[in-house]
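A short worksheet on the structure shown next.
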């Protein structure tokens, strides 16, 4: 039995974690390989939190202007206290750039490797806000993008012993910035298969007698989510029995009001069901009722390097899918044979969805998709590979 390893990890997301790539991967799978994690970050609420993968170190509360301003100080102080209380085998930072500079110094002081986990292109996000956000904040976002770009690509990543990334496309993008390829490890989004197996179909009578097309997750301007309403109108024109279920909602009240206003203006109540936020299991219950899943992700610097969870969740539940042609989705559809990958246009999606609805091999596609996910994108498979990368770094002679 290999010796236990301890990772001290600073997170951008609120604690306790809810994202599957933290909750399932670090909370369930890595402990099976003797790797435990102490998480540092801001608390999501007042209640005491527990963490099955190790320990939690709460550094203030998440959200608010004052908390955001003080977060780097609180993060650093909590990180140092946790490191002194229980010396780790490595220090890892996820998606926090400024604090990563201080964590680098802490790792050097302790004589342990520094690891960076990049789940989103934060710098490119700041740059996008500068181009498309409120004019009065454009200069601030440009300055923030310039500073963080310098810190991330010239200081943090070149000095990281290992950089976990979201996709092979993100690894290629970082390699183009000069980060050595052997230090890059792609960990795409996966599926908690035991959870998927426990899901029961949603007992929603509004789906009875309809051909259900499901979209799982967030709607937002940045995601070009009006595409969903345009697609629903196009499908309704040729297949009136189709109901587009959006199992999710917008990330903010303002965006939720915007999307609902657009839905009302287009008079699509007979074609679209917007559920609002649901528990993960309840959202998957709508997937279980679906004939086809859709994953329209716009092309561009922000999303070309992403690894959408919704696509592999559809396949895990034997639901064939239509996905837009970002690199990771091209790979998943091409390898699994469980659907169609097309450009993100209403005409292309409408044609691909109707083709799947009429496909006599649709059920077989679903079976192939589930088998592919089990072999390549289940968290037990991903957990073994991530554990191997940690042990290769931390026990090179073992």
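Each stretch of four or more DSSP H residues adds -39500 (n - 2.57); spread over every residue of the chain, this sum gives -13500 deg cm²/dmol at 222 nm.
Counted residue by residue at 0.36 nm each, then reduced by the alpha carbon distance between them, the extension gain from residue 3 to residue 175 reaches 58.7 nm. What's log10 of I(q)/I(0) for segment 172-290 at q = 0.12, 0.23 Å⁻¹, Debye sum over Cα points only, no solvent? Those come out to -0.56, -1.29, one per q. Mind pulling the angle between the C-alpha long axis of helix 327-336 and the longest principal axis of the chain? Nearest 10 degrees, somewhere in 0 to 90. With both axes taken from Cα atoms, the answer is about 60 degrees. Here segment 243-278 and segment 167-206 have alpha carbon centers that stand 26 Å from each other.
Distance between the 7 Å Cα→Cβ label points at residue 374 and residue 395: 3.0 nm. What residue among 313, 385, 361 has the largest mean-square fluctuation in a Gaussian network model of the chain, using Cα springs under 10 Å? Largest GNM mean-square fluctuation: 361. Measure nothing but the geometry: give the 0 to 90° angle between the long axis through the Cα atoms of 226-238 and the longest principal axis through the Cα atoms of the chain, rounded to 10°. Tilt of helix 226-238: around 20 degrees. Where does helix 122-132 land angle-wise versus the long Cα axis of the chain, in degrees 0 to 90, nearest 10? That helix lies at roughly 50 degrees to the long axis.
Neighbour counts of other C-beta atoms within 10 Å: give me 286, 126 arranged from fewest to most. Please list the in-between numbers first.
On the way: 286 25, 126 21.
So the ranking, lowest neighbour count to highest, is 126, 286.
With a ≥ b ≥ c taken as the square roots of the eigenvalues of the C-alpha gyration tensor of segment 193-376, please select rounded if a/c is under 1.5 and otherwise prolate if a/b is larger than b/c or oblate if it is not? Here segment 193-376 falls in the rounded category.
Comparing 298, 240, 253 in a Gaussian network model of the chain (Cα springs below 10 Å), the most mobile by mean-square fluctuation is 253.
FYI, it's all coordinate maths here, none of it is from the lab. These numbers were taken from a predicted model, which means no experiment stands behind them. Neighbour counts are summed over all protein chains in view; Cβ atoms, including those assigned to glycine, are modelled from backbone coordinates with ideal geometry.
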